[in-house]
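Okay, so here's the structure we're looking at.
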Amino acid sequence: MTGGTSKDRQRWRIRAAALLAALGITAGPLSAAAAEPAAAATAARPPANAYFVASNGTVYGYGRNVDGTWLPAAPVGTRMTAPPGAPITSTRLSDGTLVAFFVGNDGAIWGGCKTLWPMTTANLLKPATPLTVAVTPNATMLLFSDGKGQWSDIHVESEIHHPCDVPTGPPPPINAEPLPGTGHVPGGGIAAAGLADGETGVFAVDVNGAVHATWRAPDGDWSDTTLTADGASLPGGGIAATVSATDGSVTLFYSNRAGQVVLAQVAEGAGLRADPTPVPWAVAKIPEGAALAATSSSLGNDIAYIAQGGTAVDLQTDTLDQWTNAVTLSPAGFAKDGSPVAVTASAAEVDVYCATAPGVPGHFGLPPHIRGDVSWRPAGAAGLVPPMGGITAS
């Protein structure tokens, strides 16, 4: 389906009771009666988990169980370990195991699988430094821009050890590997993509507003490529990368100065494969440099953001990276303008995770790239997520 006036063409229905809960009027944890039935129809929906750092500095998680039921937000690991609303990132390892990472109050990188623990010594980074993670068959890499704008990476297994194995002794010393390139924004947003052949791509908007790609070849050599002219986006602003579920190609998404999300197809280890293309419809604008999230499934890409005015939006492309649709998920005022989001997708369902303006965590469920109802499912009480708090899902 194509079209840019999805607000008119797609009469998505937000369920009234859930919307009231989302706005904090009847918000609360999920009850057993509200859980999605574990029917055969959910068998194609893989597990999905979201994490955020709550208003009390504790990491909470919620998501879809293996049987298809949705679980409410609950504390994960040690309580009060990070600045409230701190950025947090997650991924799935090659065996499907979920792992999450963040920088805690002590400046250490915390992470893990079923629990979260300090994986490095304290004072490695400034608390709440944004992290991103890339997984290849050979390595799991954490990447970040430090307080001076130096990009660096840490090879999790070789520098620390497997993130699912909680250590018994003190964390090992870390030797972060510096990446090439200059003009990076201190603490700025970074996206990363791990490829099946062992190549890793790292992407961000530099101090001049140009989009950069930095590539690590399987042999460990790094190269840096400027993808756009200066002023293409807000320095250090939101950026997301996907690896196609069908052909392994890399696609970037970022916002331009006109409030449009831009799609950029990137050649592995090099520059652009085609000219970047802004979303072609008059969809609600993304605040300049705001966070956005993207994921790929067998149907194409889904790109989510919170627009100016607080509307949640899901943009869609096909498997050839052609824009196909824009779905308005919520009414205006639903969330804080430009607040962080996360998105997961399969051939059975797309899920967009965020917090409402009053701080209720939850997710929108919508049919994958076809017409159908949009539903909002709250996962906790109002005030649980601080304003503009980070969120991740895998």
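The values are calculated or read from the model by the stated rules, or taken from the named source; none is laboratory data. Since the structure is predicted, the reported quantities are computational estimates derived from the model, not experimental observations. Glycine also receives a Cβ, built like all others from the backbone with ideal geometry; neighbour counts cover every protein chain displayed. Side chains included, ligands, DNA and RNA excluded: accessible areas come from the protein's heavy atoms. Shrake-Rupley method; radii C 1.70, N 1.55, O 1.52, S 1.80 Å.
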How about the stretch 280-394: which strands (runs of 3 or more DSSP E) wholly inside it have at least 3 residues that are under 23 Å from residue 260 (Cβ atoms)? 293-297, 300-306, 312-317, 323-328, 342-345, 350-355
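Per-residue answers, yes or no, for (1) closer than 18 Å to residue 107 by Cα; (2) part of a loop (DSSP other than H, G, I, E, B); (3) modelled with pLDDT of 90 or more; (4) more than 19 Å from the chain's Cα centre (by Cα):
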position: 134; (1), (2), (3), (4): no, no, yes, no
position: 142; (1), (2), (3), (4): yes, no, yes, no
position: 147; (1), (2), (3), (4): yes, yes, no, yes
position: 158; (1), (2), (3), (4): no, no, no, yes
position: 164; (1), (2), (3), (4): no, yes, no, yes
position: 168; (1), (2), (3), (4): no, yes, no, yes
Which one of the conditions (1) under 28 Å from residue 195 (Cα atoms); (2) in contact with a Leu (Cβ under 8 Å, 6 or more places away or on another chain); (3) open to solvent by 10 Å² or more (accessible area, probe 1.4 Å) does residue 260 fail to meet, given that it meets all the rest? (2)
Selection count where residues are loosely packed, with under 15 Cβ neighbours inside 10 Å and acidic (Asp, Glu), scope the stretch 178-227: 4
Filter pass, residue 122 being surrounded by fewer than 23 Cβ atoms within 10 Å (Cβ to Cβ), outside any loop (DSSP other than H, G, I, E, B) and free of Cβ contacts under 8 Å to residues at least 40 places away in the same chain: no
What pairs can you find where one residue is in the stretch 268-286 and without any contact (Cβ under 8 Å) to a residue 60 or more places away in the chain and under 26 Å from residue 341 (Cβ atoms), the other is assigned to a loop (DSSP other than H, G, I, E, B) and open to solvent by 50 Å² or more (accessible area, probe 1.4 Å), and their Cβ atoms are less than 6 Å apart, with a gap of 6+ or different chains? 278/260; 285/308
In the stretch 335-394, residue least open to solvent (accessible area, probe 1.4 Å) [restricted to those that are acidic (Asp, Glu) and at pLDDT 95 or above]: 351
Does any residue of the stretch 287-306 turn out to be in contact with a strand residue (DSSP E or B) (Cβ under 6 Å, 6 or more places away or on another chain) and of a type in the set (Asp, Glu)? yes
Find all pairs meeting these conditions: Cβ atoms under 6 angstrom apart; at least six residues apart or on different chains; first residue within the stretch 213-229 and in contact (Cβ under 8 Å) with a residue 24 or more places away in the chain; second residue surrounded by fewer than 16 Cβ atoms within 10 Å (Cβ to Cβ). 214/224; 215/223; 218/198; 222/180; 224/180; 225/271; 227/271
Pair list, Cβ < 6 Å and 6+ apart or interchain, from the stretch 59-86 residues that are among the charged types (D, E, K, R) to residues that are at pLDDT 95 or above and in a loop (DSSP other than H, G, I, E, B): 79/58
Restricting attention to the stretch 289-298, report how many residues are open to solvent by 20 Å² or more (accessible area, probe 1.4 Å) and either out of contact with any Gly (no Cβ under 7 Å at 6 or more places or on another chain) or among the β-branched types (Val, Ile, Thr) (or both). 4
